[in-house]
Amino acid sequence: MGRVETSSSLTFDWAAKDRVYIWHPYTQMLSAPSAIPVERAEGVYLYTADGRRILDGISSWWVNIHGHNHPRLNRALQEQIGKLAQVIFAGFTHQPAVRLAAALVKCTPANLTRVFFSDDGSTAVEVALKMAYQYWRNREESQRKLFVALEHAYHGDTFGAMAVGGVKEFHCHFSDLFFEVRRARGVESLEEILKRESGRVVAVIVEPMVQGAGGMLIWPVEFLRRLREVTHHYSIPLIADEVFTGFGRTGKMFACEHGPIEPDLMCLSKGLTGGYLPLGATLASEEIYGSFLSEDHTRTFFHGHSFTANALSCAVALESLALFHEERRLERVAQLEQLFRERLDHFRDASIVRETRGIGALAVLELEPQKQAGYLDERSAVLGQAFLDRGVLLRPLGNVLYFLPPYVITDDEAHWVFDVIEEVLESLHVSPP
Ligand SMILES: Cc1ncc(COP(=O)(O)O)c(C=O)c1O
């Protein structure tokens with residue numbers, strides 16, 4: 001066996017070796033430029049090994065809310081690591097998990113009473129889908145095999161999550177293996193599906209208020225309310241996937257509060273740990289939970305992950321929740337919403353901009369599509385590079401350009417990003433078709 005080159009080997013050019021050893025996510029490895037080597041991060045900035053400073057305009061894939069390298073989160077991690085990093089969570093428990101579960105039950109809709117921990121957003125969704133499916137089996141309604149999801153939905157990249165997802169570019173290679181899903185285009189279409197097939201439906205899954213990866217599509221609050229009314233009417237569990245929208249992104253702690261609505265299952269991740277560590281949580285209603293309680297052990301929820309409720313992640317998540325309240329994040333999000341609205345207004349008449357929209361700490365500029373609309377719009381790589389060249393990380397979803405920074409961004413920094421966007425759009429002379 002060869003010598004293991006660690007980060008302490010002075011001769012190890014780790015940034016160059018990335019190309020040799022690593023297969024990156026959502027990356028065409030044949031043609032993508034080399035990955036940017038990040039050495040450290042602080043607040044809203046990433047600092048690279050080659051001396052650049054880049055403003056993190058997408059909160060590092062939508063996870064970071066308090067900024068990078070936050071002293072309070074660092075301290076929570078250090079304190080916990082001296083006590084317990086990880087322990088099996090079947091038959092064992094620990095203080096950070098119990099405290100976090102109690103805090104989550106307190107701040108989410110009142111009907112959600114039980115917390116099941118997992119690792120990330122996809123597993124939080126996977127757990128919700130499986131809980132809903134087994135719920136009906138526990139009630140001896142095993143004819144229910146059909147899920148209902150929205151067009152343009154994105155719920156993650158594991159098989160169940162892909163099956164309910166509706167972004168064909170991401171998951172088309174796997175579709176032969178998916179379970180049956182009906183796709184609703186809006187509330188009328190959902191009503192039609194439920195009218196016809198409610199007796200076969202397991203659950204309806206939705207990203208409340210904003211569909212993220214499907215194009216940052218913002219829905220009116222009325223849609224959310226009607227969705228809940230219709231699912232209630234047919235007694236179908238509603239799964240709210242708040243992996244992206246949770247923890248303030250839409251201006252409320254959880255997007256369901258806009259309704260307000262109470263879903264039967266809720267999926268959380270990303271901002272749960274302030275974007276520090278991987279952790280997923282699926283919250284369930286007492287009715288769903290209760291259906292699993294039985295002398296018959298086959299009704300057990302046979303699901304778990306090695307790192308379920310990792311103690312470090314839970315400790316940081318607790319501190320993140322405390323910070324959220326103490327540093328008044330929702331107030332900051334409301335200010336950002338106002339600033340974003342004013343700046344977005346300036347783009348309204350630009351010929352290349354088809355539509356601007358925003359909610360909470362999310363600003364969206366949908367550009368006129370070029371040859372290939374959607375995620376594969378060639379412009380996204382060009383735009384992404386132009387922003388990076390100017391020191392901003394923005395990663396357009398095809399022709400949809402969006403800005404969603406950590407909430408601790410200052411007004412000046414946010415204005416500067418909008419200035420950069422203006423400059424880039426002008427300089428590229430992106431013309432309408
Ligand atoms: C709404 C939604 N659900 C689930 C996921 C999957 O989360 P993860 O990437 O942590 O698996 C994402 C990720 O972007 C998401 O936006």
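The values are calculated or read from the model by the stated rules, or taken from the named source; none is laboratory data. Just so it is clear, the structure is predicted and the values come from calculations on it, not from any experiment. Cβ placement follows ideal geometry from the backbone for every residue including glycine, while neighbour counts extend to all protein chains displayed.
Based on this model, can you work out whether GLU337 counts as of a type in the set (D, E, K, R) and under 17 Å from LEU425 (Cβ atoms)?
No; evaluated as a whole, the condition is false for this residue.
Tell me whether the range 281-292 contains one or more residues that are in contact with a Ser or Thr (Cβ under 7 Å, 6 or more places away or on another chain), closer than 18 Å to THR108 by Cα and exposed (fewer than 15 other Cβ atoms within 10 Å of the Cβ).
Yes, the range 281-292 has at least one match.
If I go through the range 107-116 residue by residue, how many of them are part of a strand (DSSP E or B) and touching a strand residue (DSSP E or B) at 6+ places or on another chain (Cβ under 6 Å)?
The number of residues fulfilling the criteria is 4.
Tell me the residue from LEU100, LEU104 that is touching a Cys at 6+ places or on another chain (Cβ under 6 Å), away from the ligand (no atom under 16 Å from the Cβ) and not in a loop (DSSP other than H, G, I, E, B), please.
Exactly one residue qualifies, and that residue is LEU100.
State all residues of the range 269-286 that are touching a strand residue (DSSP E or B) at 6+ places or on another chain (Cβ under 7 Å) and more than 11 Å from the ligand (Cβ to nearest atom); if no residue qualifies, say none.
ALA281, THR282, LEU283, ALA284, SER285, GLU286
Which fully enclosed helices (runs of 4 or more DSSP H) of the range 277-378 have 1 or more residues being of a type in the set (Ser, Thr, Tyr)?
286-290, 311-326
To keep it simple, each residue is scored yes or no on (1) of a type in the set (Ser, Thr, Tyr); (2) surrounded by fewer than 23 Cβ atoms within 10 Å (Cβ to Cβ); (3) closer than 21 Å to VAL98 by Cα.
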residue	(1), (2), (3)
ARG114	no, yes, yes
ASP119	no, yes, yes
SER122	yes, yes, no
GLU126	no, no, no
ALA161	no, no, no
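Would you say GLY199 is crowded, with 21+ Cβ neighbours inside 10 Å and at pLDDT 95 or above?
When the stated conditions are applied, GLY199 does not pass them.
Taking the options VAL417, VAL408, name whichever one is at pLDDT 95 or above, assigned by TED's automatic domain parsing to the domain that holds SER60, touching a Gly at 6+ places or on another chain (Cβ under 8 Å) and not in a helix (DSSP H, G or I).
Answer to the selection: VAL408.
The rows are residues; the columns are (1) exposed (fewer than 13 other Cβ atoms within 10 Å of the Cβ); (2) not polar (S, T, N, Q).
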{"site": "ALA15", "(1), (2)": "no, yes"}
{"site": "ILE22", "(1), (2)": "yes, yes"}
{"site": "VAL38", "(1), (2)": "no, yes"}
{"site": "TYR47", "(1), (2)": "no, yes"}
{"site": "SER59", "(1), (2)": "no, no"}
{"site": "PRO71", "(1), (2)": "yes, yes"}
{"site": "LEU84", "(1), (2)": "no, yes"}
{"site": "PHE92", "(1), (2)": "yes, yes"}
{"site": "LEU100", "(1), (2)": "no, yes"}
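Does the range 220-242 contain any residue that is free of Cβ contacts under 8 Å to residues at least 60 places away in the same chain, in contact with a Cys (Cβ under 7 Å, 6 or more places away or on another chain), acidic (Asp, Glu) and under 30 Å from GLU327 (Cβ atoms)?
yes
Residues that are more than 16 Å from the ligand (Cβ to nearest atom) and more than 23 Å from the chain's Cα centre (by Cα), at least 1 per element: which helices (runs of 4 or more DSSP H) completely within the range 146-216 meet that?
187-197
Does the range 256-268 hold any residues that are within 16 Å of the ligand (Cβ to nearest atom) and either in a loop (DSSP other than H, G, I, E, B) or more than 12 Å from the chain's Cα centre (by Cα) (or both), and which are they?
Scanning the range 256-268 gives CYS256, HIS258, PRO263, LEU265, MET266.
Quick one: SER351 ticks every box in (1) within 16 Å of the ligand (Cβ to nearest atom); (2) modelled with pLDDT under 95 except a single one, so which number is it?
Among (1) within 16 Å of the ligand (Cβ to nearest atom); (2) modelled with pLDDT under 95, SER351 violates only (1).
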